[in-house]
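First comes the structure, then the notes that go with it.
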Amino acid sequence: MNTKKSSKTSSPDVVLIGAGIMSATLGVLLKKLNPSITISVFERLDRVTAESSDPWNNAGTGHSAFCELNYTPQLADGSIETKKAVKIAESFEVSKEFWAYLVENEVIDSPDSFIHNIPHLSFVWGEENVEYLRKRYKALTSHHLFHGMEYTEDKETIENWIPLVMNGRQADEKVAATRMELGTDVNFGALTKAMFDYLEKQDGVNLYLNYEVDDLTRQKDNSWLIEVKDRATRKESKITAKFVFIGAGGGSLPLLEKSNIPEGKGFGGFPVSGQWLVCNKPEIIEKHQAKVYGKASVGSPPMSVPHLDTRMIDGKKALLFGPYAGFSTKFLKNGSYLDLPLSIKLNNIKPMLAAGLHNIPLTKYLIDQVRQSPQDRLEALKDYFPEAQLEDWDLETAGQRVQVIKKDKKAGGVLEFGTEMVTAADGSLAALLGASPGASTAVSIMLELIHKCFAEAKTSEWQREFKKMIPSFGKSLSKEKDLAAKTRAWTTEVLHLSASHLEEEVTA
Ligand SMILES: Cc1cc2nc3c(=O)[nH]c(=O)nc-3n(C[C@H](O)[C@H](O)[C@H](O)COP(=O)(O)OP(=O)(O)OC[C@H]3O[C@@H](n4cnc5c(N)ncnc54)[C@H](O)[C@@H]3O)c2cc1C
């Protein structure tokens with residue numbers, strides 16, 4: 001990877017802060033839309049994709065809402081809300097379209113380097129949860145994006161799907177599972193790196209590693225003056241750009257605050273750290289081939305839903321369980337303990353205090369998680385793998401998430417678990433806060449950003465390019481069943497995935 005050492009005096013059209021999947025996706029989209037655009041990327045660490053987008057820092061689930069029960073809450077009348085699930089499933093299909101385009105156009109050598117079929121399963125126990133899963137299955141499968149999902153309460157079938165989860169389980173326990181063959185595991189790190197490798201070969205693109213953005217100031221002509229520091233030499237430089245994307249992951253909030261745009265006032269951040277148990281025994285890893293998501297415990301944040309996850313990382317199969325949530329005042333895994341205190345400003349202290357008061361069960365949950373002993377962690381694992389032994393698992397630190405705290409007229413402040421894009425009214429700056437559903441929906445998020453910030457998005461040239469990169473662009477995969485089936489069949493083939501129900505749908 002090319003690291004530039006010289007002083008930065010140039011004025012690129014676009015500055016991307018942070019070298020994670022969001023900046024990579026935006027960079028490639030913009031370069032494809034406008035090949036003459038100039039882009040500088042600044043990353044504070046010495047490699048791309050070293051924070052949340054690194055494969056060991058996230059769960060690598062291609063979030064399609066096939067197995068994540070938190071995307072389908074049960075409403076007060078007992079029915080299942082599927083709106084969010086449909087939106088996430090559609091967004092992931094859009095991401096797959098763009099990735100398939102990158103493969104067909106040789107931006108990425110092979111899909112096998114970053115995406116694999118791993119069936120997505122939801123698994124629950126207890127009468128009430130079984131009833132919920134049955135209803136969820138019915139509600140979801142009435143929508144074409146969830147065709148192919150299987151449901152069973154039959155123990156033998158579940159044992160065939162996920163033997164580790166069933167072996168050693170009490171015989172009289174009521175259990176149920178859904179299975180979606182089309183589920184995926186995505187190495188977002190490999191994908192990000194491939195996109196940066198491509199960007200680096202393009203004229204007018206510069207990637208600066210070990211460069212931290214310290215400050216940004218709007219100038220009279222609405223361009224941005226960006227102050228960057230070489231972390232090795234401490235040398236500071238200034239550059240200007242017409243457009244800035246703050247894609248700094250957990251580091252986005254402090255930079256948004258520094259930008260001083262009125263749209264960025266009142267936001268706060270609540271960091272949640274995570275840990276995984278990583279299996280160290282090849283015989284066990286081999287016996288499992290699924291991402292198994294369960295129900296979150298009371299008070300836990302939605303992203304702490306426990307899951308037993310097959311991963312494919314750099315050609316090697318792995319098995320992870322977690323995440324166990326925790327609390328740290330750092331906004332980045334490689335950040336500073338002062339991140340949280342320094343982010344508190346006059347304009348966000350009220351929403352932050354209000355969000356704190358309204359989320360006592362979450363605080364209690366996080367404190368309990370931090371105090372967990374290895375035996376407590378094993379007990380949680382045993383819910384999904386009853387015969388687990390502690391010595392077969394190593395504890396590793398996952399990536400850091402910063403949940404968004406927003407002003408709220410009624411409550412004063414609310415804690416959000418989604419993603420929040422903040423854009424300056426003149427479209428000269430955008431920042432991405434939050435982390436869920438995250439990398440899986442990077443393409444839809446960056447398309448939305450381009451439409452908000454680049455007037456050219458409406459021109460026939462850019463519209464044509466959008467359609468080349470995302471064939472369903474301008475149409476709705478959630479509303480158009482035939483289009484969704486055709487699109488899925490195409491991405492499944494190009495990305496070397498498979499799902500038996502797809503062929504029937506396309507030929508029907
Ligand atoms: C535990 C965990 C599990 C997850 N599981 C999933 C999952 O299964 N599926 C999914 O789709 N998503 C998942 N996510 C979310 C996903 O990882 C993130 O949404 C995604 O990686 C965010 O990408 P990004 O580019 O915004 O941020 P990052 O990948 O964090 O990149 C931001 C970069 O900005 C750099 N930076 C920060 N400050 C500065 C500065 N001042 N100057 C220069 N550079 C700076 C950082 O060093 C970093 O490299 C998970 C996240 C976590 C933490």
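Values in this text are rule-based calculations from the coordinates and carry no lab data. In this text the structure is predicted, and so the values were computed from the model without any measurement. Cβ placement follows ideal geometry from the backbone for every residue including glycine, while neighbour counts extend to all protein chains displayed.
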In Hz, Karplus ³J(HN,Hα) per residue of segment 83-100 (6.51, -1.76, 1.60; θ = phi - 60°; x = Gly, Pro) = 3, 5, 4, 5, 4, 5, 4, 5, 4, 5, 4, 5, 4, 5, 4, 5, 5, 5
task = Find the relative contact order for the chain and round it to a whole percent, using C-alpha pairs within less than 8 Å whose residues are 6+ positions apart.
result = 22
Amide proton proximity set for Glu420, modelled H, under 5 Å, gap of 5+ = Leu433, Gly434
inquiry  = Output needed for segment 120-193: three equivalent-ellipsoid semi-axes, defined as square roots of 5 times the C-alpha gyration tensor eigenvalues, in descending order, whole Å.
reply    = 25, 18, 10
query = So what's the angle, to the nearest 10 degrees on a 0 to 90 scale, between helix 188-200 and the longest Cα principal axis of the chain?
reply = 30
query = Any idea what % of Cα-Cα pairs in segment 428-467 are farther than 14 Å?
reply = 54
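Going through segment 83-162, which GluC sites (Glu not before Pro) have at most 12 other Cβ atoms within 10 Å and a DSSP loop state?
Working: sites: Glu90, Glu93, Glu97, Glu104, Glu106, Glu127, Glu128, Glu131, Glu150, Glu153, Glu156, Glu159; in loops: Glu106, Glu153.
Answer by residue number: Glu106.
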remark   = A correct Karplus calculation of ³J(HN,Hα) over segment 60-73, with 6.51 cos²θ - 1.76 cosθ + 1.60, θ = phi - 60°, whole Hz and x for Gly and Pro, returns x, 7, x, 5, 10, 6, 6, 10, 7, 5, 5, 7, 10, x
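Compute and list, largest first, the equivalent-ellipsoid semi-axes of segment 401-499 from the alpha carbon gyration tensor, each √(5λ) rounded to a whole angstrom. Each step should come with its number before you reach the end.
Values: eigenvalues 180, 82, 29 Å².
They are 30, 20, 12 Å, listed from largest to smallest.
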task = Compute the normalised compactness of segment 334-399: alpha-carbon radius of gyration over 2.2 N^0.38 Å, N being the residue count.
result = 1.59
ask   = Considering the zone a paramagnetic label at Glu448 would reach in this model (a point 7 Å from Cα along the Cα-to-Cβ line), which residues of segment 92-109 have amide N under 13 Å from it?
value = 92
query = Once amide H atoms are placed 1.01 Å from N in the peptide plane, what residues at a sequence separation of 5 or more from Leu319, or on another chain, have their amide H within under 5 Å of its amide H?
reply = Cys279, Arg311
task = Sort 184-191, 380-387, 66-73 for me by packing, meaning the mean count of neighbouring Cβ atoms within 10 Å per residue, highest on top.
result = 184-191, 66-73, 380-387
query = If you take the charge dipole of the chain about its Cα centre, with +1 on Lys and Arg Cβ and -1 on Asp and Glu Cβ, which of Val404, Leu33, Met352 is farthest toward its positive end?
reply = Met352
request  = Hey, can you grab everything whose amide H is under 5 Å from the amide H of Ile108? Only 5+ residues off in sequence or another chain; H modelled, so Pro and N-termini drop out.
outcome  = Val103
inquiry  = If N is the number of residues in segment 242-363, what value comes out of its Cα radius of gyration divided by 2.2 N^0.38 Å?
reply    = 1.35
ask   = Tell me, what is the percent relative contact order of segment 151-255, built from C-alpha pairs under 8 Å that lie six or more residues apart?
value = 15
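Stick to Cα atoms and the Kirkwood definition of Rh, then tell me Rg/Rh for segment 156-249.
On the way: Rg = 24.9 Å, Rh = 18.8 Å.
A ratio of 1.33.
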inquiry  = Output wanted: per-residue J couplings in Hz (rounded whole) for segment 320-327, from phi through Karplus 6.51 cos²θ - 1.76 cosθ + 1.60, θ = phi - 60°, x for Gly and Pro.
reply    = 10, 10, x, x, 8, 7, x, 10
inquiry  = Helix-only estimate, please: 222 nm mean residue ellipticity of the chain, summing -39500 (n - 2.57) across DSSP H runs of length 4 or more and dividing by its residues, to the nearest 500.
reply    = -10000 deg cm²/dmol
query = What is the helix-to-structure angle for 442-453, meaning the angle in degrees between its Cα long axis and the longest Cα principal axis of the chain, kept from 0 to 90 and rounded to the nearest 10?
reply = 30
request  = Bin width 10 Å, alpha-carbon pairs only: give the P(r) of segment 28-159 as whole percents, running from 0 to the bin holding the largest distance.
outcome  = 10, 29, 30, 19, 10, 2, 0
query = Of the beta bridges DSSP finds with both residues in the chain, what % are antiparallel, to the nearest 5?
reply = 75
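Using only C-alpha positions, report the orientation-averaged shadow area of the convex hull of segment 359-437, nm², one decimal.
Numbers: hull surface 32.3 nm².
It is 8.1 nm².
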inquiry  = Just to compare against my own numbers: the Cα pair-distance distribution for segment 163-307, 5 Å bins, whole % per bin, please.
reply    = 2, 6, 9, 13, 13, 13, 10, 9, 9, 7, 5, 3, 2, 0, 0
ask   = In debye, nearest 20: dipole of the chain around its Cα centre with unit charges on the Cβ of K, R (+) and D, E (-)?
value = 1920
query = Using Cα atoms only, what is the angle between the long axis of helix 481-494 and the major principal axis of the chain, expressed in degrees (0 to 90) to the nearest 10?
reply = 80
key: Cα-based Rg and Dmax for the chain, where Dmax is the largest Cα-Cα distance (Å)   = 22.6, 72
